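One structure is given below, encoded as structure tokens.
Just so it is clear, none of the values below were taken in a lab; they were calculated from the coordinates. Source: prediction; values computed, not measured. Backbone-built Cβ (ideal geometry, glycine too); neighbour counts: all protein chains shown.
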Amino acid sequence: MTKRISIFGSTGSIGTQTLDVISKSKPGTFEIVGLSANSNHIKLAEQAIKFKAKFAAITDTSKYLDLKNILSPYNIEVISGTDGESELASLENDQVVAAISGSAGILSTYMALKKGTNVLFANKESLVCAGELLKKTTKASGATLIPIDSEHNAIFQCIDRTQEKSVNKITLTASGGPFRGYSREQLKMVTKEQALKHPNWVMGQKVTIDSATLFNKGLEIIEAYYLFDMPLEKIEVIVHPESTIHSMVHYDDGSTLAQLGQSDMRVPICYGLYWPDRYIGANIVANLDFTKLKSLNFEAPDHNAFPSLNLARESLSLGQTFPMALNASNEIAVKAFLEKRIGFLDIFKIVETFLDKHKPQALSNISDIIELDKELKIQAEELTASV
């Protein structure tokens with residue numbers, strides 16, 4: 001049967017790769033219900049026309065009329081504003097792809113799960129900020145969260161849900177980013193341009209910087225905690241520079257199951273799109289040629305040079321709204337680094353200082369979470385301006 005799909009963040013890296021997989025699939029396998037973007041109305045219009053979407057949502061209201069004019073001959077309904085993604089989430093979708101970067105994707109993810117729609121999940125910040133609420137909502141509606149970031153997708157594939165009590169550890173692999181092996185002294189001098197040159201993956205700017213600081217992996221620890229109901233002490237991170245093994249699940253009987261593949265996000269995306277089945281057809285991504293694998297290397301993270309993992313663990317241990325504070329301060333610090341207002345090491349300094357100053361708050365619903373996220377970012381911006 002044809003799967004009806006909406007993609008939040010369709011013009012970004014994950015969104016465009018999702019559409020690439022869909023374009024290579026057998027005609028009639030997927031129907032695009034809606035596509036959304038923040039401000040890139042030209043690319044959004046091109047995608048909506050090509051994939052015959054029924055709806056196109058643009059968050060930036062100043063681009064609404066331009067988008068509407070382009071799409072007026074195509075019988076595509078245009079919606080705009082911050083509620084655009086929520087409106088898409090309320091439509092009759094079989095799957096929703098949550099590919100909006102940062103905490104901006106929380107509301108649309110929540111709305112889709114509340115409706116009972118399966119969510120292909122590439123927005124780890126939503127779970128970091130609203131993990132308990134999203135878990136509760138998913139259970140109540142019967143929806144499924146299907147991770148399509150490479151690490152959690154690997155665990156999703158390897159974990160035996162009927163034997164979860166026998167899992168003694170999960171291992172998230174990290175490439176180490178472009179600065180693997182750097183000392184703190186060396187990190188003082190790194191530039192935005194260097195940080196954006198990831199050795200293995202093609203990703204958006206925010207997640208690429210997060211990979212360079214290892215905050216990406218810190219957020220993934222928190223995500224795994226909620227996604228797989230895994231105690232913090234059972235989640236480890238290991239640096240694997242080849243990015244061939246995407247993560248591992250270890251069992252009490254001594255078995256370790258690992259998922260391997262090319263460093264190509266279309267692999268986990270394809271798995272998510274076809275779940276619970278698997279794709280059948282001409283290769284979308286080539287299988288690994290093991291005769292060409294020279295080596296697989298592993299090493300422990302350098303917690304002194306990259307304190308992000310310990311900061312993430314600390315925020316999760318403290319609980320309450322500390323993971324939100326971690327995420328908000330990191331988002332603002334990364335933005336400042338990309339704008340060349342702060343140095344690379346300042347990202348760690350800002351997050352650590354912000355966590356030290358954070359006063360946790362009680363939250364009861366999605367509106368509280370969204371409002372607090374806004375407040376935390378204002379506070380983090382004030383702190384960043386003083387660095």
Per the rule of 0.36 nm per residue minus the C-alpha distance, extending Q320 to Y251 adds in nm 21.8 nm
Sequence-distant lysines (8 or more away, or on other chains) whose Cα lies within less than 17 Å of K294: none
Which distance in Å, rounded to a whole number, links the C-alpha centroids of region 81-148 and region 190-235? 20
Taking region 3-148 and dividing mean pair separation by its residue count, relative contact order in percent (alpha carbons under 8 Å, at least six apart): 22
Once a ≥ b ≥ c are taken as the square roots of the eigenvalues of the Cα gyration tensor of the chain, is the result rounded (a/c under 1.5), prolate (a/b larger than b/c) or oblate (a/b not larger than b/c)? rounded
Would you mind pulling out the separation of the Cα centroids of region 311-348 and region 154-182, in Å? 23
Hey, got a sec? Which chymotrypsin sites (Phe, Trp or Tyr not before Pro) in region 210-244 land in a DSSP loop and have at most 11 other Cβ atoms within 10 Å? none
Whole-Hz ³J(HN,Hα) from phi, Karplus 6.51 cos²θ - 1.76 cosθ + 1.60, for region 107-124, glycine and proline x: 5, 5, 5, 4, 5, 5, 5, 4, 6, x, 8, 5, 10, 7, 10, 10, 10, 5
Could you sort the peptides 188-195, 164-171, 250-257 by per-residue average Cβ neighbour count (10 Å cutoff), highest mean leading? 164-171, 188-195, 250-257
Magnitude of the charge dipole, the chain, Cβ model with Lys/Arg +1 and Asp/Glu -1, debye to 20: 660
Looking at the chain, what % of its DSSP beta bridges pair antiparallel, to the nearest 5? 25
Once amide hydrogens are built 1.01 Å from N within the peptide plane, the residues lying 5 or more places from L35 or on another chain with amide H under 5 Å from its amide H are I7, F55, A56, A57
Just name one of S80, N69, L113: the one whose Cα is farthest towards the positive end of the charge dipole of region 18-158 (beta-carbon charges, Lys/Arg +1, Asp/Glu -1). L113
Under 1.5 on a/c is rounded, so check that first for region 1-134, then, if it is not, pick prolate when a/b is larger than b/c and oblate when it is not; a ≥ b ≥ c are the square roots of the alpha carbon gyration tensor eigenvalues. oblate
Relative contact order for the chain, counting Cα pairs under 8 Å that sit 6 or more residues apart, in percent: 15
Taking a ≥ b ≥ c as the square roots of the eigenvalues of the Cα gyration tensor, with a/c under 1.5 meaning rounded and otherwise prolate when a/b exceeds b/c and oblate if not, region 266-305 is oblate
So, with +1 on the Cβ of K and R and -1 on the Cβ of D and E, and no other charges, what is the size of the charge dipole of region 3-148 about its Cα centre, to the nearest 20 debye? 400
